[in-house]
1. If you take every DSSP beta bridge whose two residues both sit in the chain, what share of them, in percent to the nearest 5, is antiparallel?
2. Select from 254, 85, 240 the residue farthest towards the positive end of the dipole of the chain; place +1 on Cβ of Lys and Arg, -1 on Cβ of Asp and Glu, and compute about the Cα centre.
3. Antiparallel DSSP bridges in the range 1-158: what percent, to the nearest 5?
4. Restricting things to alpha carbons, find the Rg to Rh ratio for the range 66-161 using the Kirkwood radius for Rh.
5. Let me know the charge dipole size of the range 38-146 about its Cα centre in debye, to the nearest 20, where only the beta-carbon of Lys, Arg (+1) and Asp, Glu (-1) is charged.
6. Beyond 31 Å, what percent of the Cα pairs of the chain remain?
7. Helix check for the chain. Which DSSP H runs span at least 18 Å along their own axis by Cα, with a mean Kyte-Doolittle hydropathy no less than -1.0?
8. Suppose the chain between residue 287 and residue 260 were pulled fully straight at 0.36 nm per residue; how much longer would it get relative to their current alpha carbon spacing?
Amino acid sequence: LVQAAILWLLLRWKHLYGKDVRIILRHHKEEMASLAVVNMKAKLMLHEWLRRVWNEACPDYDDKKWGTQTEFSLAWVAPGTIREPSLKGVGLTAAQTGFHNDFTFNDDLVTLEHRKSVVVREDAKVRYAATRYELTAGRGRELNTGTPYHPRDLGMIMQDATVEGADGTKRSLYRKMVISAIADDTSLAHPGKLSLKFLEKRRQEEISLYGNDDGWYLQYQCRTQLLRTQVASSAWLRPLKVEEVEHSGLPVITVDGAWKGTKNQGEGDFAAIEQWLLQRMGGVVTRTLLDGEFSNEMSSTDGEKEIFRLMGKWGSYHVAPEEHGGQVFRTNLRNTAV
């Protein structure tokens, strides 16, 4: 479908507006984008209908020097008129500095790796953001297709992104179309390919491998199934005055260390020491932030002093430093406490 849309744009844009457009096809890996480019090259060179209707755009049958494995220009593009090829296939990690295009097709930028690693997910978001500057200002267009693998991966972030209008109402940031394998009325989006029997088999496989069907809902329904897959939401937060808090429950101090002088200290990376009160209300545990401090100028010793201050003020006896890189701080804190 993506390849058909690309060829349609390349041919029809010239026919309607007399313009040679430049398109980037981006995949999570360059070899996947290259396979699509090679397939479209073969269509233009060998497909009988294309050669009959759009002959001026097609190369000669024996033109072995036409294009490469990752790019080509239509035959009617006059040499030297545009710097970029008609179509270029790249991977998400490829740097396209100085390259400008009229259309971008991002196909399956999210993969199984994004389900397993927060580092991979965040890297994809940064790299995607950098690609936005390649589009020609004012008239550049972009189309993203694919299925999500994680509730917070690039695909789901884009699907859920909103913007606030002048009247204060929120609307989707992107024009989007979400197609679930099984619709709300139980009809099938692709009955010839994804039957109910096939989908149920895949769901049971997901449960047997991971103990839940979260991944199945992401891949086949393009949505999350349970709120337990969602880390937090601003809708869950509400401000409280200190006098409104019932001081019954478990006071806990959490520590996220980015101490001054350590490798993870720097701009945008703050040490945070927070006093929380955990309270059970029926089947729900609420977390109330009472006090604390965060700073990118705080030393490890400063952190110890802040913890002891909070312990004395709120009666806390439980301190929870982060696991990653927190072992040395735990030891120092115990020694100082003794």
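1. Details: 25 of 44 bridges.
Once the DSSP bridges in the chain are tallied, antiparallel ones form about 55 percent.
2. 85
3. Details: 2 of 17 bridges.
In the range 1-158, approximately 10 percent of DSSP beta bridges are antiparallel ones.
4. Working: Rg = 15.3 Å, Rh = 14.9 Å.
Looking at the range 66-161, the ratio lands at 1.03.
5. Values: 16 positive and 15 negative charges, 42 e Å.
That gives the range 38-146 a dipole magnitude of about 200 debye.
6. Values: 31525 of 56953 pairs.
Cα-Cα pairs of the chain separated by over 31 Å account for 55 percent.
7. Working: long enough: 2-17 (22 Å, 0.82); 30-46 (24 Å, 0.69); 118-131 (20 Å, 0.02); 196-210 (21 Å, -0.95); 300-314 (21 Å, -0.87).
Counting only whole DSSP H runs, the qualifying helices are 2-17, 30-46, 118-131, 196-210, 300-314.
8. Numbers: separation 27, 0.36 × 27 = 9.72 nm, distance 2.82 nm.
Taking residue 287 through residue 260 to full extension adds about 6.9 nm, to one decimal.
The values are calculated or read from the model by the stated rules, or taken from the named source; none is laboratory data. Worth saying up front: this structure is predicted, and the values here are computed from it rather than measured. Cβ sites come from the backbone with ideal geometry, for glycine too, and all protein chains shown count toward neighbours. Each accessible area value is taken on the protein alone, full model and side chains, heavy atoms only, with ligands, DNA and RNA left out. Shrake-Rupley method; radii C 1.70, N 1.55, O 1.52, S 1.80 Å.
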